[in-house]
Amino acid sequence: MSVFIQAGYLPNHLLAGLGLIYFEALIIMTISMACSSTLSALATGGIVFGLYGLAFIGGWIEQFGAILHNQTAIKVGIIASLIIPSESLWHRAAYEMQTPLAGVLGMSPFGTISVPSLLMIAYSAVYLVVMLIITIRVFEKRDI
């Protein structure tokens, strides 16, 4: 909002990008609920932070792999995205909102070179539903 007030600029596909970022937050919250249904708060925080860090590092490895045309690095990033798809949602949101010039040059530090596909977004939705079902099942069996 600050950039719009100061410069009058709105990114491309703002609602799609914000929706993907919100979707990323839902995945992290669902994983947190799933872990907290069986583990202590400290263990839950450590696991969720570790998974988020794994996704973050995997996403950067994939981006550098795309820059250097290294298929092994790209595959490492894809595997990290399959374990926890939060970073792939962030990269898709960045892709949706980046300017056409940044997309052509591929030089934005927050942009993306290796763009997650729509299939990855669908996988993320299935991932979210499965984690939510697991969480509900564990909470149903838990004596509160």
Check your understanding: Along its principal axes, what span do the Cα atoms of the chain show, with the longest given first and each in whole Å?
Key -> 56, 41, 27
Point to revise | Accessible area, probe 1.4 Å, largest first, for residues Phe64, Phe49 | key: Phe49, Phe64
Study note, to complete from the structure: SASA check, Lys75, accessible area w/ 1.4 Å probe, all protein chains in place, rounded to nearest 10 Å², comes out at 120 Å²
Review point. So for Ser2, Ser81, what's the accessible-area order with a 1.4 Å probe, most first?
Key: Ser2, Ser81
Practice item. Give me the angle, in degrees from 0 to 90, between the Cα long axis of helix 118-141 and the longest principal axis of the Cα atoms of the chain, rounded to the nearest 10. Key: 20 degrees
Check your understanding: How large is the Kirkwood hydrodynamic radius of segment 1-44, in angstrom, based on all distinct alpha carbon pairs?
Key -> 12.9 Å
Study note, to complete from the structure: Cβ-Cβ cut-off under 11 Å around Ile21, Lys and Arg +1, Asp and Glu -1: the net charge is -1
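The values are calculated or read from the model by the stated rules, or taken from the named source; none is laboratory data. Just so we're clear, the structure is a prediction, and the values are computed from it rather than from any experiment. We place every Cβ from the backbone using ideal geometry, glycine too, and count neighbours over all the protein chains shown. For accessibility, only protein heavy atoms count, side chains too; no ligands or nucleic acids. Shrake-Rupley method; radii C 1.70, N 1.55, O 1.52, S 1.80 Å.
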